[in-house]
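Asker: Here it is, the structure, as structure tokens.
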Amino acid sequence: MPLEPYDFVSPVWREGIFNNKVVFCTGGAGSICSAQVRALVYLGANAAIIGRNVEKTERMAQDIATARKGAKVIGIGAVDVRKPELLQAAADRTVKELGSIDFVIAGAAGNFLTTIDNLSTNAMKSVIDIDILGSYNTVKATLPYLVESAGKHKTNGKTAPQNGTGGRIIFVSATLHYQGTVLQSHVSVAKAGIDAMSVSVAIEQGPKGVTSNVIAPGPIAGTEGMARLSKKENLAAANKAVPVGRFGYVKEIADATVYLFSDAGNFVNGETVVVDGGAWHTAGFA
Ligand code: HXC
């Protein structure tokens, strides 16, 4: 069923703030990343979403394009983020077809539930490769384009950039490793690595005008992650464990994305925005 604007639009957003911007998003056909991209497209951006499954990726691209009349959204399928050459080709194609890469969302991830004693070496490696190496490959493939984009928005250092932003990265991480989460050793290790990578990118690439931040979603309703990780009978109890008394909505991850990529986020670099209703502060939520 097509989304109505009130399903994904926040009343505090301002239309047109991302005009002439292009977002490149891995994992873009997934529930959280597609909501992030949909928001940016609604607010003026064009987009390339990258995924492993060709049909799912192309279908999602067409769907996101309906968020704004005239939007260009390309779905680039058959791209495994573990293969740097495929990501490079996707980045180059994006610039060829859409003109630039101004924003990157590194969102591709792998997950399943298992204790560490039942985790095979290959299973651990798969998740680390998808999450950490995949994010690294994404940064490597897009960084020259991001530096170029940031250069267009440089000021003389005396004033804050006023006319739009560029050269921004968001890594999609998690809160699992803040306290320790059973059945999630592999993902905790991977997400901790992603958090560290974001800080390194932030301090090394900041002088070139590129900023890097992490969004750490908590329990978000209707996502693949929640479907994989939660049993139905546990959901009601989990709901109660979130201090604000409910799960989040994908739109609320989109809100944080709009903030970080907008002029409102110009001076935020190397930070993590946790969007979880306060869940990780409670001992019980996992
Ligand atoms: C134990 C498992 C397993 C499971 C796979 N493996 N599933 N081990 N329990 N449920 C093992 C396999 O046996 C194999 O090890 C190794 O993992 C690799 O499996 P493959 O299927 O060959 O790998 P691949 O096709 O690359 O698939 C990667 C994957 C898969 C991670 C295993 O689940 C995947 O592609 N997921 C992508 C989508 C996804 O997970 N999205 C959710 C993101 S949610 P052996 O030893 O047998 O060779 C998210 C949210 C986090 O990240 C935060 C939540 C709050």
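The values are calculated or read from the model by the stated rules, or taken from the named source; none is laboratory data. Owing to the predicted nature of the structure, the values given are computational and were not obtained by experimental measurement. Ideal geometry is used to build each Cβ from the backbone, glycine not excepted, and the neighbour counts take in all protein chains shown. The protein model used for the area step is the full one, side chains on, heavy atoms only, and it has no ligands, DNA or RNA in it. Shrake-Rupley method; radii C 1.70, N 1.55, O 1.52, S 1.80 Å.
Asker: Go through segment 263-277 and count every residue that is modelled with pLDDT under 95 and part of a loop (DSSP other than H, G, I, E, B).
Answerer: Adding up the residues that qualify gives 2.
Asker: Taking the options Ala45, Ala35, Ala61, name whichever one is at pLDDT 95 or above and within 24 Å of Ala150 (Cβ to Cβ).
Answerer: Among Ala45, Ala35, Ala61, only Ala45 is at pLDDT 95 or above and within 24 Å of Ala150 (Cβ to Cβ).
Each row is one residue, and each column tells you yes or no for (1) open to solvent by less than 10 Å² (accessible area, probe 1.4 Å); (2) assigned to a loop (DSSP other than H, G, I, E, B); (3) under 22 Å from Pro84 (Cα atoms).
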| position | (1), (2), (3) |
| --- | --- |
| Val12 | no, yes, no |
| Phe18 | yes, yes, no |
| Phe24 | yes, no, yes |
| Gly28 | yes, yes, yes |
| Gln36 | yes, no, no |
| Ala39 | yes, no, no |
| Gly44 | yes, yes, no |
| Ile49 | yes, no, yes |
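Asker: Now a separate question. Please name all residue pairs, on different chains or six or more residues apart, with Cβ atoms under 7 Å, provided the first residue is in segment 255-267 and is touching a residue at least 24 places away in the same chain (Cβ under 8 Å) and on the phi < 0 side of the Ramachandran plot and the second residue is among the basic types (Lys, Arg) and surrounded by 20 or more Cβ atoms within 10 Å (Cβ to Cβ).
Answerer: Leu260/Arg168; Phe261/Arg168
Asker: Restricting attention to segment 214-237, report how many residues are open to solvent by 80 Å² or more (accessible area, probe 1.4 Å) and either modelled with pLDDT under 70 or of a type in the set (Val, Ile, Thr) (or both).
Answerer: The number of residues fulfilling the criteria is 5.
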